[in-house]
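Contents: one structure, followed by commentary.
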Amino acid sequence: MSGHPEPPGGELLCMQQAQPAQRSTEHRTSPEPSDASWMQLALQLAAHGLGRTTPNPPVGCVLVRNGVAVGQGFHARAGAPHAEVLALREAGLAARGATAYVTLEPCSHFGRTPPCADALIAAGVRRVVIAALDPNPAVAGAGLTSLHKAGLEVCWGVLERDAVRQQAGFRSLMGRGRPWVVYKGAMTLDGKVAATSGASRWVSSGAARALVHRWRNRIDAVAVGSGTVLADDPHLGTRGVAGGRDARPVVFDRCARTPLSARVMRPGSILVTSTASTAAFERRGVTVVRAADETKALEALGQLGLSTVLLEGGPTLAGAFLNADLIDEVRMFIAPKLLGAGLSPLAAPLTTSMTEARPLQNVQVESVGQDTLMCGYLAEIPRLETDAFDAYSAKARSCA
Ligand code: AOF
Ligand code: ZN
């Protein structure tokens, strides 16, 4: 992607190892009772940017004066104004003396846009409440420091966990140079994703499938293997979501056996392969990524600026990802149906004993139509642990 301020990968790792700038950790004030609900609104605003801002994070900002929201904004795409700037524009003179609620530490650097910390100071904002610190080494604590030095009250760590989760893709790109991978599956109560015939339409209910379309609308890429393309010819687009847009389809296809006529092979799609003869795909506007394995492929997707991937592939691809420890988050629908025989979700000869099973963390269970959705994490969301960042994070938790 053009105009990367901090491209993921090698360059970034060098920046991470640089000594953090001298920053004080003293300037923190306590939260106020209404802080969490205003931050909730800022997070809702930020969510509008999900799937649209990469390689930048989704960020939301609310300016509040005398208990009234006088300005709101969210970052819509890389290169567009930051959330704080839009909220300040809407507030105008009402920003003077206001409190700013921001889901990410206001930036202090000149990237594609000037520093938000300076803009908040110039507008006369009195207090700044931050959910999460910015892992970008160009900011990481420096935005907060410049606000404090200018005499603003600063509080951070309010709804930090929600913000960090919302920013998982950005943090993954910054910290690991690869996208955050969400594995999505749908299985019967007896753990089958397809019948012995190979048919998988439909395991889950219409309500569950509608929810998946809402996820696709908020994620950068949707990945499947060539087996799924050959069996189902999926489109992988976003349907039935007002204002929705398609995530970028990615087909993992080592031997390039996907037919050009497949619905997923459209301009902007990505073909991950190790085959040399891909000219016909390229003529169609498909981006070809040559990668020896899934790990290298994800690095290449990170270089393309993709920060989040919804892995919707069949058992072979999902099993390969699990084996290579590339699944970060799991969202599994369980349908109240029995097949007796059929395909398991993950074709990975990973474990031989129950003690080797991979436990999910932060598990959540909910009903979706007649199905049950179980979600959880296999990986920690990366945070870039520079010294300064650690110190601020520790304080942030006590502030919430
Ligand atoms: C904020 N508010 O709304 C966002 C921030 O190239 P730029 O100028 O867009 O800067 C991108 C970096 O700014 C990004 O990597 C992240 O550190 C921060 N994003 N900061 O104060 C925002 N989107
Ligand atoms: Zn900014």
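Nearest 5 is fine: what % of DSSP beta bridges in the chain come out antiparallel, could you say? Walk me through the numbers before you get to the answer.
On the way: 23 of 58 bridges.
Counting only bridges with both partners in the chain, antiparallel ones make up about 40 percent.
Under a 10 Å cutoff between Cα atoms, tell me which one of S307, S37, S353 has the largest fluctuation in the Gaussian network model of the chain.
Comparing S307, S37, S353 in the GNM, the peak value goes to S353.
If you count, for each residue, the other Cβ atoms within 10 Å and average over each peptide, how do 354-362, 165-173, 122-130 line up from highest to lowest? Provide the component values of the computation, followed by the final result.
Values: 354-362: 8.9, 165-173: 25.1, 122-130: 21.1.
Peptide ranking by packing, descending: 165-173, 122-130, 354-362.
Report the calculated FRET efficiency for T351 and V241 (r = Cβ-Cβ distance, R0 = 56 Å), to the nearest 0.05.
0.90
How far is it, in nm, from the label point at A231 to the one at R257 when both lie 7 Å from their Cα along the line to the Cβ?
1.3
Evaluate E = 1/(1 + (r/R0)^6) for W202 and S34, where r is the Cβ-Cβ distance and R0 equals 60 Å; express this FRET efficiency to the nearest 0.05.
Using R0 = 60 Å, I get an efficiency of 0.85.
Springs between alpha-carbon pairs under 10 angstrom, Gaussian network model over the chain: which of L230, L373, L41 fluctuates most?
L230
Taking 0.36 nm per intervening residue step and subtracting the Cα-Cα distance, what contour gain separates R112 from E380 on full extension?
Working: separation 268, 0.36 × 268 = 96.48 nm, distance 2.91 nm.
Here the segment from R112 to E380 would lengthen by 93.6 nm.
Pop a pseudo-label 7 angstrom from the Cα along the beta-carbon direction at both K337 and L189 and give the gap in nm to one decimal.
Going from the K337 label point to the L189 one covers 1.4 nm.
Extension gain T275-R161, at 0.36 nm per residue separation less the Cα-Cα distance, in nm?
That works out to 36.8 nm of additional length.
What nm value, rounded to one decimal, do you get for the distance between R284 and S367 when each label is placed 7 Å out toward the C-beta?
4.3
Run lengths n ≥ 4 of DSSP H only: what is the helix-derived mean residue ellipticity at 222 nm for the chain, with -39500 (n - 2.57) per run over all residues, to the nearest 500?
Computed mean residue ellipticity for the chain: -8500 deg cm²/dmol.
We did not get these values from a lab; they are worked out from the coordinates using the rules stated. Model, not experiment: these values are computed from the prediction. FYI the Cβ positions are ideal-geometry reconstructions off the backbone, even for glycines, and counts take in every protein chain you see.
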